[in-house]
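Structure first, then comments.
The values are calculated or read from the model by the stated rules, or taken from the named source; none is laboratory data. Predicted model only: the values in this text are computed from it and were never measured. Note that we place each Cβ from the backbone using ideal geometry, even for glycine, and neighbour counts take in every protein chain shown.
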Amino acid sequence: FYYMSNRCLEDYRDEGYLVLDGLLSPEECDALRDRMSEITEQMDVPEHCRTQFSTDHDEQLKKQGNADYFITSGDKIRFFFEKGVFDDKGEFIVPKEHSLNKIGHALHAYEPLFKAVTHSPKVQCIYIYIIMVFSITFFGTVGGAVLIHGEVVHRSAANTSDASRHVYTFHIMESQNTIWSPENWLQPTEELPFPSLYT
């Protein structure tokens, strides 16, 4: 289990985020990174889906003709690419492992290693201490995590280095007495309802 002091809880409430060093072991990180390398190497993306990722709806429409590939990805594992990784024919002009913006959004459901991390006792313990909507992003030192409150505005700038930035992010919310907004792009489906972290 991961122990959080009262000071950690105060910092989280005051600042809206909290850095947790060593939440995952180096071995857990290596296993996740190795599995992601396998997924990336094996990815088979139809040509019409080989478009750059954007969070801007209008830009998605311009690049893809519609936003369905992203909007309907909540219960699937799909690949979203950086700008400038394809030629005019949709073929990779960079190594696959350097082409991705992200892979989303159902690794926690279909990939056993990612599911194990998402539903681990360490994550459950954190959630029991902090009952709010938040994201967990693993980055910084190996195995480190950042908890970000759902109301904190945050962003990640493009990675312009020659090294991939491996980050695993997932979102957690309290379901008791909570109504998930129908306006949120991410919606549970019959095939994949939102899983419970604990019961």
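Here are the numbers:
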| item | result |
| --- | --- |
| Entirely in the stretch 1-102, the helices (runs of 4 or more DSSP H) that have 2 or more residues that are among the small types (G, A, S) and at pLDDT 90 or above | 26-42 |
| Conditions (1) touching a residue at least 24 places away in the same chain (Cβ under 8 Å); (2) under 25 Å from A116 (Cβ atoms); (3) acidic (D, E); number of the one not met by E151 | (2) |
| Members of the stretch 163-194 found to be more than 20 Å from V117 (Cα to Cα) and touching a helix residue (DSSP H, G or I) at 6+ places or on another chain (Cβ under 8 Å), listed by number | S164, W185 |
| Test: I136 is assigned to a strand (DSSP E or B), modelled with pLDDT under 85 and not hydroxyl-bearing (S, T, Y) | yes |
| Of all residues in the stretch 4-33 being touching a residue at least 40 places away in the same chain (Cβ under 8 Å), surrounded by 13 or more Cβ atoms within 10 Å (Cβ to Cβ) and of a type in the set (D, E, K, R), the one that is nearest to H154 (Cα to Cα) | R33 |
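Okay, residues lined up against (1) modelled with pLDDT of 85 or more; (2) surrounded by 15 or more Cβ atoms within 10 Å (Cβ to Cβ); (3) basic (K, R); (4) out of contact with any strand residue (DSSP E or B) (no Cβ under 9 Å at 6 or more places or on another chain):
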| position | (1), (2), (3), (4) |
| --- | --- |
| L107 | yes, yes, no, no |
| K115 | yes, yes, yes, yes |
| P121 | yes, no, no, yes |
| I128 | no, no, no, yes |
| I131 | no, no, no, yes |
| G150 | no, no, no, no |
| A157 | no, no, no, yes |
